[in-house]
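J.: Sharing a structure, written as structure tokens. Questions coming.
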Amino acid sequence: MVSKVMVAGIIVLILGGFLFVLFTILFPILGMALYPFYTTTGSQARNEDITRNNIELIDLTPNARGIPRVLLPILGVQLKASFYLQGVGGAWECDVVLVYITDQDTIDITGTDRTYSGDSEGESGRELATIYTSLNAAAASTDYDLYVEIDNTGDNRITMLASRVDITYTLFAQIIPALLAIAGLVITIVGFVTGRGPSAPKARPAPGGWEPTLQWGGGAAKQPKMAIKSTKAGKPTPVKKVVKKAAPTGGAQQPCKFCGKPVPASAFFCPHCYGKLR
């Protein structure tokens with residue numbers, strides 16, 4: 001039988017796994033934002049030109065608020081920046097890097113340097129640039145904007161056609177659901193192990209054979225010979241009649257010297273008290 005502890009563990013395990021999948025997989029696919037778990041700028045149409053031998057700093061979060069800060073500055077965020085680049089006029093090439101900008105800081109994010117290129121224009125010359133990075137709690141604890149710096153090193157113009165930024169808050173979207181799932185797994189295992197403990201011993205049937213008992217009254221069960229039976233109600237106990245034998249009255253009589261009752265004169269013993277008369 002499944003124990004209540006095991007059922008509770010399974011529920012917590014499913015809840016933790018569901019939240020983890022919801023915030024790290026389903027929300028990014030559906031483009032649904034729910035702060036402080038996950039937020040996104042959504043896909044934004046752009047038409048940003050970068051002329052040859054020129055550098056452009058383009059805002060990937062073009063709104064007044066920027067990216068919301070982490071609710072608790074314990075862990076940072078996971079960032080995913082995506083944008084389409086297309087060459088105009090033929091072959092193209094550029095270097096890009098993500099830039100973190102607040103009111104106080106403008107910092108190139110380490111590890112986000114990429115080089116993209118194409119050898120034609122139009123649909124065939126379009127390139128999707130996707131950069132994954134993270135910000136620690138100190139950097140993510142304030143509102144900030146995310147930019148991309150594009151250095152056109154080719155001989156033709158480059159156009160940014162669209163962009164999107166996805167932000168996953170590590171503590172609430174990943175760590176807490178993962179801890180719930182682990183706790184649920186542990187509770188499930190504990191419930192399974194304790195539920196398999198030794199069961200209560202079953203009552204053993206009484207050994208066969210005759211056993212003397214004291215039982216009153218008559219029942220359907222067979223009564224042992226030593227059982228004490230009570231008188232059944234409604235049936236009076238029969239009374240035995242005592243018949244007294246009268247002494248013979250014929251012949252000479254004399255009183256018994258023991259009981260005084262008349263006995264025959266020739267008797268050797270008194271028929272009443274059986275005393276010896278002679």
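The values are calculated or read from the model by the stated rules, or taken from the named source; none is laboratory data. Remember, it's a predicted structure, so these values are computed and weren't measured experimentally. Because the Cβ atoms are built from the backbone with ideal geometry, glycine has one as well, and the counts that use them run over all protein chains shown.
J.: Please tell me if P68 is of a type outside the set (D, E, K, R), surrounded by fewer than 14 Cβ atoms within 10 Å (Cβ to Cβ), in contact with a strand residue (DSSP E or B) (Cβ under 8 Å, 6 or more places away or on another chain) and closer than 28 Å to I25 by Cα. Can you show your working first?
T.: Details: of a type outside the set (D, E, K, R): yes; surrounded by fewer than 14 Cβ atoms within 10 Å (Cβ to Cβ): no; in contact with a strand residue (DSSP E or B) (Cβ under 8 Å, 6 or more places away or on another chain): yes; closer than 28 Å to I25 by Cα: yes.
Spelling it out, it is not the case that P68 is of a type outside the set (D, E, K, R), surrounded by fewer than 14 Cβ atoms within 10 Å (Cβ to Cβ), in contact with a strand residue (DSSP E or B) (Cβ under 8 Å, 6 or more places away or on another chain) and closer than 28 Å to I25 by Cα.
J.: Another question about this same structure. If you go through segment 71-83 one residue at a time, do you hit one that is touching a residue at least 24 places away in the same chain (Cβ under 8 Å) and in contact with a Lys or Arg (Cβ under 6 Å, 6 or more places away or on another chain)? Don't jump to the end; show me each part of the working.
T.: Step one: list which residues in segment 71-83 are touching a residue at least 24 places away in the same chain (Cβ under 8 Å), which gives 71-83.
With the extra rule that they be in contact with a Lys or Arg (Cβ under 6 Å, 6 or more places away or on another chain), the set shrinks to 82.
Looking through segment 71-83, at least one residue is touching a residue at least 24 places away in the same chain (Cβ under 8 Å) and in contact with a Lys or Arg (Cβ under 6 Å, 6 or more places away or on another chain).
J.: Among (1) modelled with pLDDT of 90 or more; (2) farther than 21 Å from Y169 by Cα; (3) not small (G, A, S), there is one condition V88 misses while meeting the rest; what is its number?
T.: Every condition holds for V88 apart from (1).
J.: Sticking with this one: Might you let me know whether segment 78-91 holds any residue that is exposed (fewer than 13 other Cβ atoms within 10 Å of the Cβ) and aliphatic (A, V, I, L, M)? Please lay out each step first, then the result.
T.: Step one: list which residues in segment 78-91 are exposed (fewer than 13 other Cβ atoms within 10 Å of the Cβ), which gives none.
No.
J.: Next question. Could you tell me how many of the residues in segment 100-158 are touching a strand residue (DSSP E or B) at 6+ places or on another chain (Cβ under 6 Å), of a type in the set (S, T, N, Q) and within 21 Å of G76 (Cβ to Cβ)?
T.: 5
J.: Are any of the residues in segment 18-26 among the hydroxyl-bearing types (S, T, Y) and in contact with a Gly (Cβ under 9 Å, 6 or more places away or on another chain)?
T.: Kept after step one, since they are among the hydroxyl-bearing types (S, T, Y), are these residues of segment 18-26: 24.
Right, trim to in contact with a Gly (Cβ under 9 Å, 6 or more places away or on another chain) and you get none.
Within segment 18-26, not a single residue is among the hydroxyl-bearing types (S, T, Y) and in contact with a Gly (Cβ under 9 Å, 6 or more places away or on another chain).
J.: Of (1) assigned to a loop (DSSP other than H, G, I, E, B); (2) within 47 Å of the chain's Cα centre (by Cα); (3) surrounded by 13 or more Cβ atoms within 10 Å (Cβ to Cβ), R52 satisfies all except one. Which?
T.: Answer for R52: the failing condition is (2).
J.: Select from segment 143-158 the residues that are under 27 Å from I29 (Cβ atoms) and either basic (K, R) or over 45 Å from the mean Cα position of the chain (by Cα) (or both) and list them in ascending order.
T.: Filtering segment 143-158 for residues under 27 Å from I29 (Cβ atoms) gives 143-148.
Listed by number, the list holds a single entry, V148.
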